[in-house]
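*Asks:* Sharing a structure, written as structure tokens. Questions coming.
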């Protein structure tokens, strides 16, 4: 982003102050979050499972009440007042503290789950123990760190999804899209795998909407083995598949996974663009669009950032393809080495650097610093593939409406992917960009009705600056 | 050849870009307001915390050097037409071969008593915005906005974002009714009140009263009422910024006088955008055009003329404009006057919730569409442009309305309700044709 010429003193803008009710409701939600931290830091001091329901209740009531107080008293419309004056949303002190806390949580989650209280050999303590009651309720066993993560993740999407819907209640596209990500996160990513796991423990934990290469462990040997029933693999006997429940469902998972990659996704991306996945279905996108919405404007819009983005995301794509080929080579050949390279090591490094550090720690931890789509924009290989499809084999574009653009910059500012939408809009050119996830916020914040997401014949996308400027 | 452009707003910048695209002339862009081009229409969003200043710059800072457009931050005080020189604020001189004046507008002040008091201001420039920050960093229990136009409503929205109670004094009987017909004006008036503003229609400013420190204390209205206030915003329109040219030989009236090639009375000096006044405007157009879009068109045509040695005249297509009143967007295509002309008739539809409306104006005899106002509905510019040029009839436009919709996906469509009213009103039996993108493509390409 460019240099700001600063002389506007914005230090004490009265508008940033909250009403008494906003403060109380926000306070309730903060106490709920604080209980989580208290549970986390208290070690073995309390029976933290008693904190669970008070915490969830406070966060729910607090957030919903705050949402109501913030949006319900004003007529429908765009609600971005004072966003750049707020320390949480303008990379201020609160933003940095929030970023550091989330990052710390993710580091513990991925690499030091015992610091969260996870104890696979005995009773959990602190934060993980806090969530034992839900885990027993759903699957009859103590919570793991991934279960806690799944609950918090889903909870965040649901609660912040309601807030998002309230904020954009005048906009049907935003409402449908948000209900969709809430549904897919709660149903497909959270409940369905947990239920299937309780029915049959030999099945892999399978998120039916997740897809290779975002789901980079899909072709891992252990995952393939779990999906392809061992009995079936040895005998290749049809009756084994039919008779053994796990074999059939596991095989369905494999077939569905392959169908998603090679058939479903390309077709949907052709008709609707990348958005069918990235802003309607995907879990990473789901969190970005709901909990991440207050930070969407923090993405970097510069040309330089775009150049870095293209290198990084396609590099990750190349690496994941190589990694997967090596993994499959090992699976079929049984040999752990390919041209002297340890395939398991490659897979491990990818999982560590890309899967954990990039997608998890940076992807979410940096929301308050670099916006809500850092992973989706710079790292996600799934987004890279869908992006290539969107750019070259898709009916999707964002249409620019004649020459109604006034170059105000709202579209670019609120693009979470850092696309300089205005660059196109003010030229009267359609926006056809690999990175666009089709969230539709540029069209929503445009004060002059200039942008529209639409699907149509591919050759009707205006890729050059058209002559039409209202003159002739 | 050295081309100097005074003013780095949309008109001057558009001219510079088109000259650069088509030629190698030396280009110097001068502005005293800011270092770089920014979108004036976005000033309000900086104050409201939607954007920071740098977001309002349509081009990154490297753009200018890369495109060899030189920038100079200074005020020009004089044009020495005899020597083809400009005088800078420090007295230094700049040579030019061709000069484009695109210095914009200034806010109208009508000599109100107290208009120069501390705490009284207008809103047009970046400096005005800085002043507003200072004025509202003090305690403001109530602000008063004088004037019922687009800047007035923007200011009201800005002040509300800082929770400053605001009174609007509007001379007209209904909001902006010197531009909008009664239905639309009423719809907007209601929307302003829905937001909790103290909207005083048919009320004028008499004088602004100071306290003992020379700061504004209250305003007195023509009806004799006193309103206590700490901030008065005067937004009674703008006029061409030409006072700095009063000693030059460049001919001016309200603005800098130009022909349709944007030429002034002095060879090699041109004027475009808000500051220019056509001696003889294109049919149906005003002498002075003060909107973003016209500035852009002026800049494009003049830029091409200079670069290519053309002598194209300004001959714009159908009028269009847009705005946003608080939460309600407004688009207009063709011309809709506040009162129909003698040979015109209207068809007006308003939604049940009173927040969306469409107003068609057409020729009484031929039913040819002359103009359309849309509130709370987005319509396709290129399609209405085409329909207006092709002189399409009302029946045709109404039947094909669905193809013109530019609202986001899944928005509730309004065409069914509208055509029902149309059929009732005109005792017709029209049916809607296909809506959507493919219908639009069919119509735009035939």
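Coordinate-derived values only; no laboratory data. None of these values were measured; they are calculated from a predicted model. Neighbour counts run over all protein chains shown; Cβ positions are idealised from the backbone, glycine included.
*Asks:* With labels modelled as points extended 7 Å from the Cα through the Cβ direction, what inter-label distance (nm, one decimal) is found for residue A:304 paired with residue B:395?
*Replies:* In this crude label model, residue A:304 to residue B:395 measures out at 6.3 nm.
*Asks:* Hey, fewest Cβ within 10 Å first, where do A:450, A:263, A:162 land in order?
*Replies:* Placing the least packed residue first, the sequence is A:263, A:162, A:450.
*Asks:* Continuing with this model, one more query. Using only the alpha carbons of segment B:399-446, determine the length spanned along each of the three principal axes and report them from longest to shortest in whole angstroms.
*Replies:* That works out to 31, 26, 11 Å along the principal axes.
*Asks:* Report, please, the projected area of segment B:280-353 averaged over directions, based on the convex hull of its C-alpha atoms, in nm².
*Replies:* Values: hull surface 29.6 nm².
One quarter of the hull surface, i.e. the mean projection, equals 7.4 nm².
*Asks:* Something else about it: Normalise the Cα radius of gyration of segment A:285-331 by 2.2 N^0.38 Å (N = residues in it) and let me know the number. Walk me through the numbers on the way to the answer.
*Replies:* Details: Rg = 15.9 Å, N = 47, 2.2 N^0.38 = 9.5 Å.
It is 1.68.
*Asks:* Could you state the orientation-averaged shadow area of the convex hull built on the Cα atoms of segment B:41-197, in nm² to one decimal? Can you show the working numbers first?
*Replies:* Working: hull surface 53.4 nm².
Computed as one quarter of the Cα hull surface, the answer is 13.4 nm².
*Asks:* Please report the orientation-averaged projected area of segment B:120-236, defined via the convex hull of its C-alpha atoms, in nm².
*Replies:* Values: hull surface 28.1 nm².
Answer in nm², one decimal: 7.0.
*Asks:* Can I ask one more? I need A:205, A:414 ordered by Cβ neighbour count within 10 Å, fewest first. The partial results should precede the final answer.
*Replies:* Working: A:205 12, A:414 24.
In increasing order of surrounding Cβ atoms, one gets A:205, A:414.
*Asks:* Turning to a different aspect of this structure: Mean separation of Cα pairs under 8 Å and 6+ residues apart, divided by the residue count of chain A: what relative contact order is that in percent?
*Replies:* Values: 724 pairs, mean separation 68.5, N = 472.
Taking the mean separation of contacting Cα pairs over the length of chain A, I get 15 percent.
*Asks:* Could you tell me the distance between the Cα centroids of segment A:88-156 and segment B:88-126, to the nearest Å?
*Replies:* If we compute the Cα centre of each part, the gap is 59 Å.
*Asks:* Return the equivalent ellipsoid semi-axes of chain B as a descending list in whole Å, where each equals the square root of 5 times an eigenvalue of the C-alpha gyration tensor. Walk me through the numbers on the way to the answer.
*Replies:* Working: eigenvalues 277, 205, 76 Å².
In descending order, the three semi-axes are 37, 32, 20 Å.
*Asks:* Please rank A:318, B:358, A:437, fewest neighbouring Cβ atoms within 10 Å first, as an exposure proxy. Walk me through the intermediate numbers first.
*Replies:* Numbers: A:318 11, B:358 22, A:437 29.
Going from sparsest to densest Cβ surroundings: A:318, B:358, A:437.
*Asks:* Given the -39500 (n - 2.57) contribution per DSSP H run of 4+ residues, what per-residue ellipticity at 222 nm results for chain A, rounded to the nearest 500 deg cm²/dmol?
*Replies:* Working: 23 runs with 245 residues, N = 472.
Computed ellipticity for chain A at 222 nm equals -15500 deg cm²/dmol.
*Asks:* Find the relative contact order for segment B:120-236 and round it to a whole percent, using C-alpha pairs within less than 8 Å whose residues are 6+ positions apart.
*Replies:* Working: 212 pairs, mean separation 39.1, N = 117.
Contact order relative to length: 33 percent.
*Asks:* Where the Cα atoms of segment A:96-155 are projected onto their three principal axes, how long is each span, largest first, in whole Å?
*Replies:* Between the extreme Cα coordinates on each principal axis of segment A:96-155 lie 38, 25, 15 Å.
*Asks:* Which whole-number percent gives the relative contact order of chain B, counting Cα pairs below 8 Å spaced six or more residues apart? Mind showing how you got there, number by number?
*Replies:* Details: 924 pairs, mean separation 60.3, N = 446.
The normalised contact order for chain B reaches 14 percent.
*Asks:* Right, here's the next one. Which value, in Å to one decimal place, does the Kirkwood hydrodynamic radius take for segment A:395-460 when every pair of different Cα atoms is included? Before the final figure, lay out the partial values.
*Replies:* On the way: mean 1/r = 0.0867 Å⁻¹.
Here the Kirkwood hydrodynamic radius works out to 11.5 Å.
*Asks:* Rounded to two decimal places and with Rh computed the Kirkwood way over Cα pairs, what is Rg over Rh for segment B:32-123?
*Replies:* Values: Rg = 17.2 Å, Rh = 16.5 Å.
We get a ratio of 1.04 for segment B:32-123.
*Asks:* Is segment B:320-445 best put as rounded, prolate or oblate by its Cα gyration tensor, with a ≥ b ≥ c the root eigenvalues, rounded for a/c under 1.5, and otherwise prolate when a/b is larger than b/c, oblate when not? Walk me through the intermediate numbers first.
*Replies:* Numbers: a/c = 1.22, a/b = 1.09, b/c = 1.12.
Rounded is the answer for segment B:320-445, as its axis ratio a/c remains below 1.5.
*Asks:* Please work out the ratio of the alpha-carbon Rg of segment B:227-346 to 2.2 N^0.38 Å and round it to two decimals. Spell out each step's value before the answer.
*Replies:* Details: Rg = 17.5 Å, N = 120, 2.2 N^0.38 = 13.6 Å.
For segment B:227-346, the normalised Cα radius of gyration is 1.29.
*Asks:* While we're here: How high is the FRET efficiency from residue B:78 to residue B:212, r the C-beta distance, R0 35 Å, rounded to 0.05?
*Replies:* Details: r = 40 Å, r/R0 = 1.15.
Using R0 = 35 Å, I get an efficiency of 0.30.
*Asks:* Also, quick follow-up: Checking the a/c ratio against 1.5 first, then a/b against b/c, what shape does the Cα gyration tensor give for the protein assembly as shown?
*Replies:* prolate
*Asks:* What are the semi-axes of the equivalent ellipsoid of chain A, taken as the square roots of 5 times the eigenvalues of the Cα gyration tensor, listed largest first and rounded to whole Å?
*Replies:* Numbers: eigenvalues 282, 198, 79 Å².
Semi-axes (√(5λ), whole Å): 38, 31, 20.
*Asks:* Determine the calculated [θ] at 222 nm for chain B from helices alone, applying -39500 (n - 2.57) to every DSSP H run no shorter than 4 residues and normalising by the residue count; nearest 500 deg cm²/dmol. Each step should come with its number before you reach the end.
*Replies:* Values: 11 runs with 113 residues, N = 446.
Calculated at 222 nm, the ellipticity per residue is -7500 deg cm²/dmol.
*Asks:* Taking the Cα centroid of segment A:268-346 and of segment A:157-226, what is the distance between the two, rounded to the nearest whole Å?
*Replies:* Result: 17 Å between the Cα centres.
*Asks:* Can you compute the equivalent ellipsoid semi-axes for segment A:314-472, i.e. the square root of 5 times each eigenvalue of the Cα gyration tensor, sorted largest first and rounded to whole Å?
*Replies:* They are 40, 19, 9 Å, listed largest first.
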